[in-house]
Each structure stands twice: as C-alpha cells, then as structure tokens.
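Undergrad: Input: one structure, supplied below.
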Amino acid sequence: MSKIPVVIDCDPGIDDSIAIIMLAGSDKVDIKAITTTHGNVGLEGTTKNALALREFLGLDCLVAKGAAKPMIVPLKNASEIHGANGLAGFELPQPQGTFEKDAAWDVMYNLAKKENGEMVLVVLGPMTNVALTILKYPDFKKYVKRIYMMGGSRLYGNHSPTAEFNIWGDPHACQVVLKSGIPVTMADLYFTYDNAVTGAEMKEIYSHAKKLKPMMDAFIAHDMKFAESVGADFDSHRIAICDSSAAAALLLDGDSLVTEDYYVVCETQSSENEGQTVFDYKGHLKGQTNVQLCISVDKEKYQGLIRDAVAHFE
C-alpha cells in the first residue's frame, strides 16, 4: 500500500513535536514538508525548532517558513505554556540545514499539485499558511485530499470563553479554510481533552523512548512543574497532548476513529466570541457539511501510537 503524502503545518511546540514524532515514526505516511507559522512562539522560534526536529529525527523532507503574524488580528503566542523556546527549555542540536527559499504557501501548493489530489495536510497551529495558500492559488482545493486539524471547540475555549488557541490565533484564516471546500477532519479541544493522559500514563509511554529520552524527560518535568503550580498530583493529573490527537485521527482514520459531520463556521466579528467554531447542530444556517468532527478514538491504540513512535527512534 502506498504511503499517504503529508505536509505538516505547525508551530512547534511541545505537542507539535509529539505529533511530528508520531507521523515520522509511522509507515503509513510520507512527510513531504514541514511548514511553520506563528503560534506557540514566534516564527523564528518555530522554524528553528522545525529545522532541528527534521535533523534530529533524520527526516528527508522540506522545511518552509510561513506567516509571522495572523491575517488581521494582533499576534499572540503561548510561550507561557510551552516555554520561551517552545520545547519546555529542551535544546535540540543546532540545525545545520536551512529552510526553503520559497514561502510555505508556495511549497504547499507545488507539493500538493505534484501529488495529483492525494496530498493530506496536518495542521497543528493557526491556519494562516493554509488560508494564504487558498487565497493565492484558487485551484489549491483540487489538490488537497483532506485537512486533519487540531483546533476549534464544540463547547468552550481555552484562551477565551469560546475559542481554542489555534483558532483564536487567526480566526479569519480558519474561516477561509472552512469555506474553501477542502474536506476537514477536526480534532477539537473537547476531543483532545477526552484523550488526555494521566501523568502516570505519560511517564509509562515516554519511558519507551531511546534517542528521544532527554526530550521526553524535559516534557515530563515541564508538565510536573505545571501540575505542582495548580496543586495537583502529577500521576493522577490529566494532560492533553493536543496536537497528537490530530496525528492519531489521520493514523487511525478508517480503523477506530468515530466522527460526525457538521456545517461549521468561525466567528470573526464578536469581540467576546472571536475565534469560536460555531457548529450548526440544527441546520439553521442551511450550509453544506464541511467538517468531520472527531468524537472518539480507541484510547489504547491512541496511546500505543505515541508509545511506538517515541520508541521508534534509536
């Protein structure tokens, strides 16, 4: 069976790194490129992390630099969660290679066109790069088979009452993507929380790491510090490795992933609800279904994907 050609659009990022490791360790996918955007930290930091991860994991793929800021709203980041360098203070070896001369949107378009409609995008950060590709290349949607995204929320937000961070970071970009006609599978905030691991489970999963052990130890220490700051017992504290849920949705789609189809729009006007992904449960908006929402997945298989991936790199 041929491998699925994939572009990972991301803002690495602790959980981005886990998702990249999962995809890189799978025999189902062929990573063609990693494209970077603003998000967890600034663009320079996310691009450096992507370059370093490519070399550390021994990947044969392009790295392309994308948008440094959202389309319209002010720039935001999550360095308070991921650490100043985005990787909980863990320092990967200084990358020797560099990113492509072409911008992320040009690289994404050219790769998708080359794959004749089989390209899959895994989008783990704000959707700015994807939206800019759609706007620059109107025929882009013909060449993308599906987008697997981590973002949005059917219930509540984590950075505002209603908005999840990635969508809050660039709501206008999300709306462009949702209106594009490209099929979307959404691993939303609720799905990632439903698949949260306990600290004890995390320690067991990451204990299988070999080459990646120092990185996994740093991630555990970072999460332990956070649990301590909120007065929680780490072993029983539940931690959502958000972006890994989107990787799992791709890797387990057609196997043990349960989804439901909805028409979804992104709120871009309300100051209180900007970035909310609005699910038209009752069909009031009369829109055509555009999102396949992840409802549940086999948790043992999901955790097994992470366990196998961190153990894959010798």
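Undergrad: Using θ = phi - 60° and the Karplus form 6.51 cos²θ - 1.76 cosθ + 1.60, what ³J(HN,Hα) does each residue of region 250-261 get, whole Hz, x for Gly and Pro?
TA: Whole-Hz 3J(HN,Hα) from phi for region 250-261: 5, 5, 10, 4, x, 10, 9, 9, 9, 10, 9, 9.
Undergrad: A follow-up question, please. From the phi of every residue in region 31-45, what ³J(HN,Hα) in whole Hz does the Karplus formula 6.51 cos²θ - 1.76 cosθ + 1.60 yield, where θ is phi - 60° and glycine or proline is x?
TA: Once θ is set to phi - 60°, the couplings for region 31-45 become 6, 8, 7, 10, 10, 10, 9, 5, x, 4, 9, x, 4, 4, x Hz.
Undergrad: For Cα pairs less than 8 Å apart in space and 6+ apart in sequence, what is the mean separation divided by the residue count of the chain, i.e. the relative contact order in percent?
TA: Once normalised by length, the contact order is 20 percent.
Undergrad: So what's the gap between the Cα centers of region 1-54 and region 205-278, to the nearest angstrom?
TA: Each part reduced to its Cα centre gives a spacing of 15 Å.
Undergrad: Can you give the charge dipole size of the chain about its Cα centre, rounded to the nearest 20 debye, using +1 on the beta carbon of Lys and Arg and -1 on the beta carbon of Asp and Glu?
TA: 800
Undergrad: Take the Cα radius of gyration of region 77-222 and divide it by 2.2 N^0.38 Å, with N its residue count; two decimals is plenty.
TA: Rg over 2.2 N^0.38 Å, computed on Cα atoms: 1.21.
Undergrad: Here's something else I'd like to know. Of Lys210/Lys301; Lys32/Lys210; Lys101/Lys225, which ones are farther than 29 Å apart at the Cα?
TA: The pairs that break the limit, which is 29 Å between Cα atoms, are Lys101/Lys225.
Undergrad: Separate question: Where a Cα-Cα gap under 23 Å defines reach, which lysines qualify for Lys179, not counting those fewer than 8 residues away within the same chain?
TA: List returned: Lys69, Lys113, Lys136, Lys141, Lys142, Lys145, Lys282, Lys286.
Undergrad: By the gyration tensor of its Cα atoms, with a ≥ b ≥ c the square roots of the eigenvalues, what is the shape of region 45-119: rounded for a/c under 1.5, prolate for a/b over b/c, or oblate?
TA: oblate
Undergrad: Tell me the net charge near Gly152. Cut-off is 9 Å between Cβ atoms, Gly152 excluded, with +1 for each Lys or Arg and -1 for each Asp or Glu.
TA: After counting each charged neighbour, the total is -1.
Each value in this text was obtained by applying a stated rule to the coordinates, not by laboratory testing. All figures in this text were calculated on a predicted structure; none of them were measured in a lab. Neighbour counts are summed over all protein chains in view; Cβ atoms, including those assigned to glycine, are modelled from backbone coordinates with ideal geometry.
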